[in-house]
1. Output the residue which, of all residues in segment 105-118 that are surrounded by fewer than 13 Cβ atoms within 10 Å (Cβ to Cβ) and assigned to a helix (DSSP H, G or I), is modelled with the highest pLDDT.
2. Can you give me the number of residues within segment 103-121 that are of a type in the set (D, E, K, R), closer than 12 Å to Asp48 by Cβ and in contact with a helix residue (DSSP H, G or I) (Cβ under 7 Å, 6 or more places away or on another chain)?
3. Just to be sure, is Ala38 farther than 22 Å from Val102 by Cα and at pLDDT below 80?
4. Residue under question is Thr121, and the condition is that it be β-branched (Val, Ile, Thr), touching a residue at least 60 places away in the same chain (Cβ under 8 Å) and crowded, with 16+ Cβ neighbours inside 10 Å; does it hold?
5. Would it be correct to say that Thr66 is surrounded by 12 or more Cβ atoms within 10 Å (Cβ to Cβ) and either modelled with pLDDT of 70 or more or in contact with a Cys (Cβ under 6 Å, 6 or more places away or on another chain) (or both)?
Amino acid sequence: MTDDSTPETSFADRLRGQIGSKAIDPVIRAVRTEIGAARDEIAGRARDARAGIVLVVVGVVLALITVALAATAGVTALALVLPLWAATLVVFGVFGVAAALVLAGGLRALKRGVPPVPADTVKNLTRRH
């Protein structure tokens, strides 16, 4: 039986391990910092995308109501001549404008959040090197 771990070898291994860990620690800290920054940026973009999706869904619901009111306006226009038809068109116009505004806001928010790539963090990394 031979013992491969001589005192000199184990001391050299320990010394190499300590020097290596002291050299690697700043790199590991820097990598962890950049990963944290990327994670925060992605979370922010995901929040923007989530808000945009909610606004788009509300806009779609309003658009469906607008289509239903347009159909009602057509039927009413044929069945009755003016008063009910005019009132239906006014309501149709209000829902149409509301749907357009909500959809525009939702799409703008979606553009801010999609794709969820940490572009700012990548830009900072490339600027440093």
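The values are calculated or read from the model by the stated rules, or taken from the named source; none is laboratory data. All values reported here derive from a predicted model rather than from experimental measurement. Neighbour counts are summed over all protein chains in view; Cβ atoms, including those assigned to glycine, are modelled from backbone coordinates with ideal geometry.
1. Of segment 105-118, the ones surrounded by fewer than 13 Cβ atoms within 10 Å (Cβ to Cβ) are 108, 111, 115, 117.
Remaining after also requiring assigned to a helix (DSSP H, G or I): 108, 111.
Values: Arg108: 88, Lys111: 83.
The selected residue is Arg108.
2. Of the residues in segment 103-121, the ones of a type in the set (D, E, K, R) are 108, 111-112, 120.
Those still in the list that are closer than 12 Å to Asp48 by Cβ too: 108, 111-112.
Filter once more, so that each one left must be in contact with a helix residue (DSSP H, G or I) (Cβ under 7 Å, 6 or more places away or on another chain): 112.
Selection size over segment 103-121: 1.
3. On the way: farther than 22 Å from Val102 by Cα: yes; at pLDDT below 80: no.
So Ala38 fails the test.
4. Numbers: β-branched (Val, Ile, Thr): yes; touching a residue at least 60 places away in the same chain (Cβ under 8 Å): yes; crowded, with 16+ Cβ neighbours inside 10 Å: yes.
For Thr121, the condition - β-branched (Val, Ile, Thr), touching a residue at least 60 places away in the same chain (Cβ under 8 Å) and crowded, with 16+ Cβ neighbours inside 10 Å - is met.
5. Working: surrounded by 12 or more Cβ atoms within 10 Å (Cβ to Cβ): yes; either modelled with pLDDT of 70 or more or in contact with a Cys (Cβ under 6 Å, 6 or more places away or on another chain) (or both): yes.
Judged against the criteria, Thr66 is a match.
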